[in-house]
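Enquirer: Following this message is one structure expressed as structure tokens.
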Amino acid sequence: MRGTRIMADRAYRKITQDLADPRDFPAGSSDSELEIFHDLDMEEDGGRDRMPRGGGKYEMMEDSAPPPKSVSKITAVIIVSCVVLAIIIIAIVVAVYVPSGVPYTSIRLPLNVIPQTYDIFLHPNLTTEEFAGTVTIQLKVVQETSSVIVHMKDLKFTRTPEITPVVSKRDTVTQDIRVKDTAPINDLEMMYLELSQELQVGMLYNLKMSFSGQLNSEGLDGFYKSVYKAANGEERVIATTHFEPTAARKAFPCLDEPELKANFTMKIVRDKMHKALFNMPLVEPPLVASTNYGDNLMQDNFQTTVKMSSYLVAFIVCDFDFRSNTTTTGKEVRVYAPSDTIDEVEVALSAGTKILEYYEEYFSVPYPLPKQDMVAIPDFAAGAMENWGLITYRLTALLYKEGVTSERNKQWVCIVVAHELAHQWFGNLVTMEWWNDLWLNEGFASYVEYIGTNHTYPEWKMLDQFIYLTTQEALVEDSLSNSHPISVPVTDPNEINELFDGISYDKGASIIRMLENFLTPDVFRQGLTDYLTRHQYGNARTDDLWEAMTKSSETNGEKVNVKEVMDTWTLQMGYPVVTLSRKGGNITATQERFLIYPEGEPSTEFTSPFGYKWQIPLTFITSDNSKQETKLMKEDTETVLKGNPTWIKGNVDVAGFYRVNYDSWDAIIHTLKTNHNEFTSADRTGLIDDVFHFGRSGHVSQITALDMSLYLKNETDYVPTVTAISNLKYIGKVLLGDENGYKLYKDYILQQFDHLISNVGWEDVGDHLQKFMRSSVLSLGVSYGHEDATKKSLEIFNKWKTDSEEVSANLKDTVYYSGIRNNGNDAWDFVWDKYVNETIPSEKKRSCMLSPRLKILLSYHICLFVIRYLAWSLDEKKIRSQDTVSVVSQIAGNPFRGRELVWDFVTKNWQTFLDRYSTGSFEMDNLITAMTTGFSERSDLEKIETFFAANPDAGSGTRAIKQAIEAVNMNVAWVEAHKEEVIDWLSQNAQNPPRMVRDRL
């Protein structure tokens, strides 16, 4: 991710001469045809497995019988001694001979061979949930070696692998070579193949492996099973894949690193009732696309891919239908879904076609494949996966039904489609060299998704929403001392999974937006085109991007050393707070690292190469000059302006990834109260978010932040409104333990937002952001007991329940929540029945109470009811595994007993959650956050620390444990430092709340 590549992990490669790292050797290519070989059973010998099964340890198993009872003591001693000696000899032989004894410990492969092509044959059986196959990998030798290491997990060989040289007609000498032995390197998910002689540098070899495995039915990665119900109630099974980051090895043996790009050819056997999909289309005449395979089976033969990484390979066997469109450049776009939901793909199809066309223009690089498929998968861990030419999505990220699905879901579909299509260039065409530069994929796609969506729907004001949805999220996560740099070394597969977090995605996107604003959009765009063109079909490091941007900056007449600037943002964690102060007739800027909890224990995991100082593209406007000025701030303190304006506002429109403090907030607060439109909506958003976080960190008093919130009675724009609500809710969360304080907090919230709650109306009309505003503030009103809002929402719910009168799509969350909260178990049973019988994915999720606005309702029912629902969350017959953590999170958001019940439930079922989510998933992070959120008492902190001290390993969620403990420490400190003064302030300022309904507690 950074400017310089992390090299430390390569030191481990220099283990033996055979395993030396030839990464600097050139790699060629070959167009040789490959063969598919047949399956044979592995030989077994008298109870001693010569080849371990699916990643098991290599063992020598001995059978022995007890000595006869008549044996003398001397004889017994001799026998025992011989047995012990035999065991020692066997142990020595095993240690010396067994290939798994090779001390190979690097997570990286020893690149003495480079894959050129893969020829894969797969026969999945959806009835037995098994699959068998063969793969022939053509390897080019770049350093002599007598061994080959491949990645392989949860598979077993069905015959001894074979390796043969690729011989042309001109070759007169052939090499007789074979695989002598094999053994797993389990911790690294690798298989060691010992050869009978050395491979020769520059030659090509075909490595043939036959294998079998089980379709994954426990997790959602590798080659796995997904189940859905058709409209007639019939249960149907499909087989699909999800390989990023390291699960291709669970579907076929491969060299599973992003740098090891190759061309892939696929043949898949399927039932005639199914269809098979691959990254590429079926072969075209004169080749035969599909042939009979016997017993009602067909074999589909697909075109060879362009050169790409193994984690982007995808294949699916399903019974889905599709709708299609064609771009202006002739690329076919198809959206696949279960036939009962095929009418819900039109938004994704339309947006996907337009965005694909726009990206070709924006990047000035053609989309290189003949087709782009997008497939709705019933069971899916992430939102989507950017497999080249065959993108897979969660149902709710691809399907939208007009009049039934909410406007938020429509936006979500478009954003996810735009994100995954951006990956077809950033990530697929040009791929990071190693996972430490993951942000080159995810950071860019997470920013460009807004550009693509904004082009398609400019009225949605996506770049304003970017501040709330992305920048603020990253600023929160990166303000912890237990954050991490964008670029970190990776030495374990779980560490790769840890990188799929808000730092890689949201911070990556935010610093890219900052760079675009600094360089100007035209310079930035030209740099992207140069970068993509130069490195297409290859791999790149962060420095390669900075080099392209630096070169592009010269076209503006002023060369910027982009690497020098951006290394300070990618090679150290955190970000700065810039304090603007008046000194004499000047305004000076001073920078320091911002920590939301400065008293927390500093992280020792990472050190900063820059002493936590940044080169900051500092932008500002003043009361005297609304034109943005920019200064590249390199020093700790610099003079940025001469003069004495009434106010100065830094980080214009929150285009930078930093916070701005002021030696006096009085002028800004006064301006907001008298004429808040002097600041743009984006700038008001930034001011609100900054001052509330400064109140928590101690940079300003908590009272200063609350004083700014007084202006909110006049705020009518969506993004600053929801930013204010989000920040104020933190105060409500930590005041929960004080009955009077929490009541005053609710009074103040309803008072400040009553002008919106009472005036937005219940008719689902207006533009996109007006609908967002209506659903947000009415939900707020109902949650906190606003009398008029509650009465109206109950009226709508009861008409839906008794008269089947439809509820407006954008108000369903609020209405369902109000009905259950105020009507009790009958309403709950009604909504649950709707969930069980619902077929529209977004509505099923809503009825399942996964929507954020339904998360409080369970506090109004007995604890046994909530405990039963938590238990259901682990029952995949009731709730899909992909949704379990969402259910738990919603219950944890209950402001009364939810978090305690979730804590007890998760800790008692900790091993189950680990087994499901500790690898290859975002969910472990989300679960740890959910089970600890909102705790603010010292006794809570002690139980959390005790539990995680006894359970320190959470797989991909290990860093989340440290962050959760830090967050609870911060909550405890806030209560002790600020609770009384905040309650006192609220008692003075919550004077005119609207009428409220009485809570049913």
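Enquirer: For segment 557-589, give me each residue that is open to solvent by 10 Å² or more (accessible area, probe 1.4 Å) and of a type in the set (S, T, N, Q).
Expert: N561, T579, S581, N586, T588
Enquirer: Additional query: Quick check on segment 263-290: of everything there that is touching a residue at least 40 places away in the same chain (Cβ under 8 Å) and more than 31 Å from the chain's Cα centre (by Cα), which residue is surrounded by the fewest Cβ atoms within 10 Å (Cβ to Cβ)?
Expert: M273
Enquirer: Another question, then. Going by the conditions given, is S603 surrounded by fewer than 20 Cβ atoms within 10 Å (Cβ to Cβ), on the phi < 0 side of the Ramachandran plot, in contact (Cβ under 8 Å) with a residue 60 or more places away in the chain and in a strand (DSSP E or B)?
Expert: In short, no.
Enquirer: Name the one entry in E795, E843, E805 that is more than 23 Å from Y784 (Cβ to Cβ), modelled with pLDDT of 75 or more and either among the acidic types (D, E) or not in a helix (DSSP H, G or I) (or both).
Expert: E805 is the lone residue from the list that is more than 23 Å from Y784 (Cβ to Cβ), modelled with pLDDT of 75 or more and either among the acidic types (D, E) or not in a helix (DSSP H, G or I) (or both).
Enquirer: Looking at (1) at pLDDT below 95; (2) surrounded by fewer than 24 Cβ atoms within 10 Å (Cβ to Cβ); (3) out of contact with any Leu (no Cβ under 9 Å at 6 or more places or on another chain), can you tell me which one V476 breaks?
Expert: For V476, the exception is condition (1).
Enquirer: Tally the residues that are crowded, with 24+ Cβ neighbours inside 10 Å, aromatic (F, W, Y) and assigned to a helix (DSSP H, G or I), restricting the search to segment 404-461.
Expert: Number satisfying all stated conditions: 3.
Enquirer: Step by step: first the residues of segment 733-782, then only those that are basic (K, R) and either out of contact with any strand residue (DSSP E or B) (no Cβ under 9 Å at 6 or more places or on another chain) or without any contact (Cβ under 8 Å) to a residue 24 or more places away in the chain (or both), then the one that is least open to solvent (accessible area, probe 1.4 Å). Which residue is that?
Expert: Here the residue is R774.
Enquirer: Return the residues of segment 554-580 that are part of a helix (DSSP H, G or I), of a type outside the set (D, E, K, R) and over 15 Å from I512 (Cα atoms); say none if nothing qualifies.
Expert: Those that are part of a helix (DSSP H, G or I), of a type outside the set (D, E, K, R) and over 15 Å from I512 (Cα atoms): T555, N556.
Enquirer: What number goes with the only condition from (1) in a helix (DSSP H, G or I); (2) surrounded by 18 or more Cβ atoms within 10 Å (Cβ to Cβ) that D788 does not pass?
Expert: Of (1) in a helix (DSSP H, G or I); (2) surrounded by 18 or more Cβ atoms within 10 Å (Cβ to Cβ), only one is false for D788: (2).
Enquirer: What's the total number of residues in segment 347-369 that are open to solvent by 20 Å² or more (accessible area, probe 1.4 Å) and in contact (Cβ under 8 Å) with a residue 24 or more places away in the chain?
Expert: Looking only at that region, the number is 9.
Enquirer: Can I ask one more? Could you list, in sequence order, the residues of segment 753-784 that are under 24 Å from C414 (Cα atoms) and acidic (D, E)?
Expert: D764, D767 - these are the residues of segment 753-784 that are under 24 Å from C414 (Cα atoms) and acidic (D, E).
Enquirer: I've got another one for you. Please work out which one of (1) more than 15 Å from T392 (Cβ to Cβ); (2) assigned to a strand (DSSP E or B); (3) not polar (S, T, N, Q) is the condition A231 fails and give its number.
Expert: For A231, the exception is condition (2).
Enquirer: Residues of segment 456-481 being more than 21 Å from M566 (Cα to Cα) and either in contact with a strand residue (DSSP E or B) (Cβ under 6 Å, 6 or more places away or on another chain) or of a type outside the set (K, R) (or both), which ones?
Expert: Within segment 456-481, T456, Y457, P458, E459, W460, M462, L463, D464, Q465, Y468, L469 meet the criteria.
Enquirer: Right, something else. From the list R853, R899, which residue is in a helix (DSSP H, G or I), at pLDDT 55 or above and in contact with a Ser or Thr (Cβ under 7 Å, 6 or more places away or on another chain)?
Expert: The match here is R899.
Enquirer: Keeping to segment 101-137, report how many residues are surrounded by fewer than 21 Cβ atoms within 10 Å (Cβ to Cβ) and either at pLDDT below 90 or of a type outside the set (S, T, Y) (or both).
Expert: 12
Enquirer: Answer yes or no as to whether V700 is on the phi < 0 side of the Ramachandran plot, modelled with pLDDT of 95 or more, open to solvent by 30 Å² or more (accessible area, probe 1.4 Å) and not in a helix (DSSP H, G or I).
Expert: When the stated conditions are applied, V700 does not pass them.
Enquirer: Name the residues in segment 310-324 that are open to solvent by less than 10 Å² (accessible area, probe 1.4 Å) and polar (S, T, N, Q), would you?
Expert: The answer is S310, and nothing else.
Enquirer: Can you tell me which residues in segment 191-228 are under 18 Å from R394 (Cα atoms) and among the aromatic types (F, W, Y)?
Expert: F223, Y224, Y228, listed by residue number.
Enquirer: Give me a count of the residues in segment 203-223 that are of a type in the set (A, V, I, L, M), in contact with an Asp or Glu (Cβ under 9 Å, 6 or more places away or on another chain) and in a strand (DSSP E or B).
Expert: Summing the residues that are of a type in the set (A, V, I, L, M), in contact with an Asp or Glu (Cβ under 9 Å, 6 or more places away or on another chain) and in a strand (DSSP E or B) in segment 203-223 gives 2.
Enquirer: Checking F620 against (1) among the aromatic types (F, W, Y); (2) under 30 Å from Q963 (Cα atoms); (3) surrounded by 14 or more Cβ atoms within 10 Å (Cβ to Cβ), which single condition isn't satisfied?
Expert: F620 satisfies every listed condition except (2).
Enquirer: Going through segment 311-330 one residue at a time, which ones are not in a strand (DSSP E or B) and not hydroxyl-bearing (S, T, Y)?
Expert: Within segment 311-330, L312, V313, A314, D319, F320, G330 qualify.
Enquirer: Hey, among the residues in segment 291-309 that are in a strand (DSSP E or B) and over 29 Å from G427 (Cβ atoms), which one's most open to solvent (accessible area, probe 1.4 Å)?
Expert: So, considering only residues that are in a strand (DSSP E or B) and over 29 Å from G427 (Cβ atoms), the one most open to solvent (accessible area, probe 1.4 Å) is N292.
Enquirer: For segment 959-970, check the following and say yes or no: at least one residue is not charged (D, E, K, R) and not in a helix (DSSP H, G or I).
Expert: Within segment 959-970 (the criterion being not charged (D, E, K, R) and not in a helix (DSSP H, G or I)), the answer is no, since none of the residues qualifies.
Enquirer: For segment 935-942, indicate whether the set of residues that are farther than 22 Å from T246 by Cβ, touching a helix residue (DSSP H, G or I) at 6+ places or on another chain (Cβ under 9 Å) and aliphatic (A, V, I, L, M) is non-empty.
Expert: Yes, because at least one residue in segment 935-942 is farther than 22 Å from T246 by Cβ, touching a helix residue (DSSP H, G or I) at 6+ places or on another chain (Cβ under 9 Å) and aliphatic (A, V, I, L, M).
Enquirer: While we're here: Scan segment 227-252 for residues that are small (G, A, S) and surrounded by fewer than 22 Cβ atoms within 10 Å (Cβ to Cβ) and jot them down.
Expert: A230, A231, G233 - these are the residues of segment 227-252 that are small (G, A, S) and surrounded by fewer than 22 Cβ atoms within 10 Å (Cβ to Cβ).
Enquirer: Is it the case that some residue within segment 384-403 is without any contact (Cβ under 8 Å) to a residue 24 or more places away in the chain, surrounded by 21 or more Cβ atoms within 10 Å (Cβ to Cβ) and closer than 30 Å to T570 by Cβ?
Expert: yes
Enquirer: Only one of V269, V288 is in a loop (DSSP other than H, G, I, E, B) and of a type outside the set (D, E). Can you tell me which?
Expert: Being in a loop (DSSP other than H, G, I, E, B) and of a type outside the set (D, E) holds for just one of V269, V288, which is V288.
Enquirer: Which members of segment 377-424 meet the condition of being closer than 19 Å to L811 by Cα and charged (D, E, K, R)?
Expert: Residues satisfying the conditions are K401, E402, E407, R408, K410.
The values are calculated or read from the model by the stated rules, or taken from the named source; none is laboratory data. Just so it is clear, the structure is predicted and the values come from calculations on it, not from any experiment. In this analysis, Cβ positions are derived from the backbone assuming ideal geometry, glycine residues included, and neighbour counts consider all displayed protein chains. Protein only, heavy atoms only, side chains kept; ligands, DNA and RNA dropped before computing areas. Shrake-Rupley method; radii C 1.70, N 1.55, O 1.52, S 1.80 Å.
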